[in-house]
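Worksheet: the structure to be examined is printed underneath.
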Amino acid sequence: MKPGFVLSVLAVVLGLIAVDQFLARLERLEILNEAAAHYREGKQLLDRGDAAAAVRLMERAHVLQRNNREYQMGLAGALLAAGRLADAESQLRPVLNADSNAGDANLAMARLQVKLGNDREAEAYYHRAVYGKWPGAGPADEVRMELAEFLADAGEPEKLLAEVLLIQSGSKADLDTQRKIARLLLVAGAPARAAESYRRLLRGDAGDVEAWSGLAEAQMAQGGYSEAQESLQRALKLRGADAQIAGRLQFAAQLSELDPTPRRLASKDKFERSKKVLELAKEDLRICGHLKGAMAKLQPALDDVELKEKQLHGMDNVSAEVLLDFAQSLWRSRQQTCTTPVPETDPLPLLIHKISQ
Amino acid sequence: MLNSIGRWLRRWSDGEEGKSAQTQLILSFVIGAVVGLVVVAFILLTGRLAARMYPPGGAAWRRVLVPVLGALTTGWLLAKYFPGARGSGIPQTKFAIFIHDGYISLKTVLGKFLCCSTSLASGIALGREGPSVQIGAGIASVLARRSGLQGDDVKALIPVGCSAALAAAFNTPIAAVLFSLEEILGDLHAPVMGSVVISSATSWMVLHMILGDEPLFHVPAYQLVSPIEFLVYAVLGVVGGLASVAFVKLLLSLRIWFRGLPAKTVWLQPTVGGLLVGLLGWYMPEVLGVGYDYVERVLGGDMAVRTIALLVVLKIVATAVCYSSGNAGGIFGPSLFIGAMVGGTVGSLAHALMPGVTANPGAYALIGMGTAFAGIVRTPLTSVIMIFEMTRDYSIIVPLMISNLISFFVSYRLQRQPIYEALAHQEGVSLPGDEERVHQARLDVSDVLEQAETVAAEELLDSRKMQQADAAAAWPVMQGERLVGLLREAMIRKVADGTTAGVAAERQFPFVHPDHPLSLALEKMGDNNLNMLPVVSRANVSQLLGVVRLPAILKAFGVSGALQGGPR
């Protein structure tokens, strides 16, 4: 081999390296720009609600730049919005495999699991999202709030209360969050705390209609029907044409009229109210029996109560208490057979709750 | 410093012993690096050109106009300036090895690079791997000649360039080595194997250095859901084999038709391919170009079965017309495309019928790629290894082998001549075919083994001195049952009276084993000026099994009676 040959080969190699590097850089740049354009456009489409079209663009962005985590997460989000749950999961899995503590990926997976109906997994992913890694301070409270909303929907009052108390204790929450906290406390079965939260809101703004309404609900849950009526009247004064508030006011009045527990109530009135409560309990049980086709199973309880009711003499306090015991017993039977919640306009659950206290 | 390097190189290259082998070794690295860099440039340039010809959101008319213009331009360039750069590049590379003593001109390399990058970027439905092979082979040829090598030494470096090119084009270094040996040389035990491996590895490193560790396809993890799937893979092998035969037969018959057109239309013929692919691309853009993006989508199970099935037909037609009309580009890429679509179709149908026991259609598309490659290119081993390298998943091997071998068998039964061999025949060139190689390999020493006439070691040579024999004659010398030497006729004439055969015999002598090819026996006879060789056992080289004689070898090759008065 002649030196001239060696030198020319070296020169060719160096020249080719330069050309290749230039072309490779050019390609990378163009691909980066193309992917970014697709991602931007996909995001706009997603914001406009066109999830299917957004998926196509996000997919292109992801294919062009597979290592870009943001694009992959964007694609997973678009797939989730488009209802392609299995595809969304297959995008999220590698992200979580790469970093199981990633807050955003865990949150997306939690939302996916909610859609899939896997409540247990969803709760686990929400917890990982709350305690996971986020860029900067991270939206831990927002995620916890989403978890709380999920727990409220899933019917987990104890867990819900725990999460809401954590949110309440840890934040300098804005008005909207404070309202949510108060509402969730009520759902979690903590009406006293909820009422306190609403009162705090009203101290800040006495013209807050939602807070008055919420306070009324909390008062109703505590058995304070007349206080609830007052709160609802305040709310109605602020927003006169609100049919919902008017409806709740009517409901509170109904509760007040049916409530057999006030101390100053005459024995006869107490007996009359107790009888009405018992009639409501019987009616609820019959509806439940018909809905579930379990009348044959429930009828003996009804017959038994009616028989015992006939044996009662007098309209004194003792008889009223017996009637209320019957009502509670029938309510328990109803609850064992029909797990579906009663409508919000049914006064019986609140009354039974108060009686049992 | 350069002077001292030059002096060292001169000193080193002046030593005759092993000079050629050392040059080849160094050139293997150099070829690997240069070819790797050129092929990477080829891939990148083609991609960037294509991005400019088909910008995102571009108008539909581009899909018709650009391939027509591309084919027109390259057709004219190929006819006028680069006739050697036409076609795939694989047959042309084999011509270089078997006909032109390894000669490929620099002009052909440049022409191939220029025409193919233009043609492929314009959307012609052909692949970049075949052209890369010819470019790699051409670079190897040019470098070998410029470094002072000649004849067989240049020829030996052609597969070295091929493997470097394929390693960079496919990102599959092992498959590149196998392809060079299995298809280009037709011999998996070729002595250049070491150089081929070196260049492949070097080129692959260059590819990784510049483009990073990006596989050709991003393949989801392969999964065998149930053993019933083996049956589906067998069906895929049959369907893939039939599709391969349809493609090969269509391409070959169209090529004959185009070759029958007047010679003055040669420059215009590629435009027919360009126009067809343009019209198909107007309705279905997936047909344009090599289509690896869509292969990846099928692998991800992200295409509708109707589209996939339609693409099988359209791509077969588009590629056959583009190739046969004389456009520059290969059929490797389209083979993978067709295979992926066939696999995707079979997989989608199987999954729709038996969702519980079959994997996602993407898994079938993956196997389908190897299936079509085995059926069209007819390199079953390369196709298995190539797909294995792409997936890096061992569990894919068995389904892949089943499907590939069935496809290979179906293709072999229905179209005896492999595509590259048939294309060469159409050019009027006869390349060594599979049957020829099998026949050559079948003839070995055991086929012409004869009983040996031996001499005892203690026998006095006086009486033998009086006999006249061919100077190239010789006899095995035995001590009891042991072969101890070889007595040449020339030695008998030289020795003094009273000398025994044991004393006069050569103790270091040439011999062969029964399984040695006859060509080796011939070579040894020539090197040692003998017309016979002792045949000894592999287990014990002192055990004489017989002899092999020159006339018997010639007779086995069909040259009987060529040598009169042969040895005794």
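The values are calculated or read from the model by the stated rules, or taken from the named source; none is laboratory data. Just so it is clear, the model here is predicted, and its values are computed rather than measured. As a convention, Cβ positions derive from the backbone with ideal geometry for all residues, glycine included, and neighbour counts pool all protein chains shown. SASA here: full protein model, heavy atoms, side chains in, ligands and nucleic acids out. Shrake-Rupley method; radii C 1.70, N 1.55, O 1.52, S 1.80 Å.
For this structure, a couple of remarks:
- Within the range B:480-497: backbone nitrogen closer than 17 Å to the residue B:542 label point (7 Å, Cα to C-beta): B:480-486
- Rounded to the nearest 20 debye, dipole of chain B from Cβ charges on Lys, Arg, Asp, Glu: 1880
- Helix B:397-414 and the long axis of chain B differ in direction by around 80°, with both axes built from C-alpha atoms.
- The packing ranking of peptides B:79-86, A:313-320, highest mean first, is B:79-86, A:313-320, where packing means the average number of other beta carbon atoms within 10 angstrom of each residue.
- Checked against a 26 Å cut-off, the cross-linked pairs A:159/A:237; A:282/A:310; A:115/A:180; A:270/A:354 give Cα-Cα distances beyond that limit for A:159/A:237.
- A Förster radius of 41 Å, combined with the Cβ-Cβ distance separating residue A:11 from residue A:31, puts the computed FRET efficiency at roughly 0.85.
- Burial of 50 Å² or greater, the range B:24-66 residues [accessible area, probe 1.4 Å, versus chain by itself]: B:37, B:44, B:48
- Take chain B with all the other protein chains still there, run a 1.4 Å probe, and you get 41 Å² of accessible area per residue.
- Each of residue B:470 and residue A:196 was given a label point 7 Å from its Cα along the Cα-to-Cβ line. The distance between the two points is 11.8 nm.
- Of the trypsin sites (Lys or Arg not before Pro) found in the range A:25-106, those that fall in a DSSP loop while having at most 15 other beta-carbon atoms within 10 Å are A:48, A:66.
- Taking amide hydrogens as placed 1.01 Å from N in the peptide plane, the amide H of residue B:328 sits under 5 Å from those of B:87, each at least 5 positions away in sequence or on another chain.
- Exercise: per-residue mean of other protein chain Cβ atoms within 10 Å, B:206-215: 3
- Surface analysis of the range A:301-350 yields an accessible area of 58 Å² per residue, using protein heavy atoms and a 1.4 Å probe.
- Other protein chain C-beta atoms within 10 Å of residue C-beta, averaged over B:229-240: 0.
- Heavy atoms of residue A:134: accessible area, 1.4 Å probe, square angstrom to 10: 50
- Rounded accessible area of residue A:265 (nearest 10 Å², 1.4 Å probe): 40
- Cα centroid separation, the range A:272-319 to the range B:254-315 (Å): 81
- Per-residue ellipticity at 222 nm from helix content only, as computed over chain A with -39500 (n - 2.57) for each DSSP H run of at least four residues, stands at -26500 deg cm²/dmol.
- Across B:80/B:264; A:2/B:107; B:94/B:155; B:94/B:555, pairs whose alpha-carbon gap is larger than 21 Å: A:2/B:107; B:94/B:555
- Under-5 Å amide H pairs with residue B:123, H placed in peptide plane, nonlocal only: B:289
- For chain A, the longest principal axis of the Cα atoms and the long axis of helix A:69-81 meet at an angle of about 40 degrees.
- Think of each Lys and Arg Cβ as +1 and each Asp and Glu Cβ as -1; about the Cα centre, that makes the dipole of the protein assembly as shown roughly 2020 debye.
- Computed label-point distance, nm, for sites residue A:345 and residue A:154 using a 7 Å Cα→Cβ extension: 3.3
- Result for chain A in a Gaussian network model with C-alpha springs under 10 Å: among A:206, A:11, A:246, the largest mean-square fluctuation is at A:11.
- For the range A:236-245, 3J(HN,Hα) per residue [Karplus equation, 6.51 cos²θ - 1.76 cosθ + 1.60, θ = phi - 60°, Hz, x = Gly/Pro]: 5, 5, 6, 9, x, 8, 7, 5, 5, 5
- Neighbour-limited loop hits for trypsin sites (Lys or Arg not before Pro), the range B:505-542 (at most 12 other Cβ within 10 Å; DSSP other than H, G, I, E, B): B:507, B:538
- Sorting B:479-485, B:150-156, B:543-549, B:408-414 by average packing, meaning the other beta carbons within 10 Å per residue, from highest down gives B:543-549, B:408-414, B:150-156, B:479-485.
- Beta bridges by DSSP in the protein assembly as shown, antiparallel share as percent, to the nearest 5: 75
- Peptides A:157-163, A:144-150, B:57-63, B:370-376 ranked from most to least packed by the mean count of surrounding Cβ atoms within 10 Å: B:370-376, A:144-150, A:157-163, B:57-63.
- Solvent-accessible area buried by A and B, counting both chains, probe 1.4 angstrom, square angstrom: 2300
- Once the Cβ-Cβ distance of residue B:556 and residue B:463 is raised to the sixth power relative to R0 = 25 Å, the FRET efficiency obtained is 0.15.
- For chain A, the dipole from Cβ point charges (+1 on Lys and Arg, -1 on Asp and Glu) about the Cα centre works out to 280 debye, to the nearest 20.
- Whole-Hz ³J(HN,Hα) from phi, Karplus 6.51 cos²θ - 1.76 cosθ + 1.60, for the range A:116-125, glycine and proline x: 7, x, 8, 4, 5, 5, 4, 4, 5, 5
- Listed values for the range B:217-222 are Karplus-derived 3J(HN,Hα) couplings in whole Hz (6.51 cos²θ - 1.76 cosθ + 1.60, θ = phi - 60°), namely 10, 8, 9, x, 4, 6, and x replaces Gly and Pro.
- Between helix A:3-47 and chain A: long-axis angle, C-alpha atoms, 0 to 90°, nearest 10: 20
- Using a probe of 1.4 angstrom and keeping all protein chains present, the accessible surface of the range A:32-132 works out to 49 square angstrom per residue.
- Modelled this way, with points 7 Å down the Cα-to-C-beta line, the labels at residue B:479 and residue B:397 are 4.9 nm from one another.
- Apportionment of accessible area to carbon and sulfur, the range B:264-307, percent (1.4 Å): 65
- Estimated from the Cβ-Cβ distance and a Förster radius of 60 angstrom, the FRET efficiency linking residue A:19 and residue A:295 is about 0.10.
- Sequence-distant residues sharing a close amide H with residue B:482 (under 5 Å, placed H): none
- Highest-fluctuation residue, A:96, A:215, A:249 considered, GNM on chain A with Cα pairs under 10 Å: A:96
- Average partner coverage of A:15-28, which counts Cβ from other chains inside 10 Å: 6
- Considering only A:109, A:58, A:295, the Gaussian network model of chain A with Cα springs below 10 Å gives its largest mean-square fluctuation to A:295.
- Within the accessible area of the range B:334-387 (1.4 Å probe), percent carbon and sulfur: 78
- Restricting the trypsin sites (Lys or Arg not before Pro) of the range A:226-266 to loop positions (DSSP other than H, G, I, E, B) with no more than 11 neighbouring Cβ atoms within 10 Å leaves A:263, A:264.
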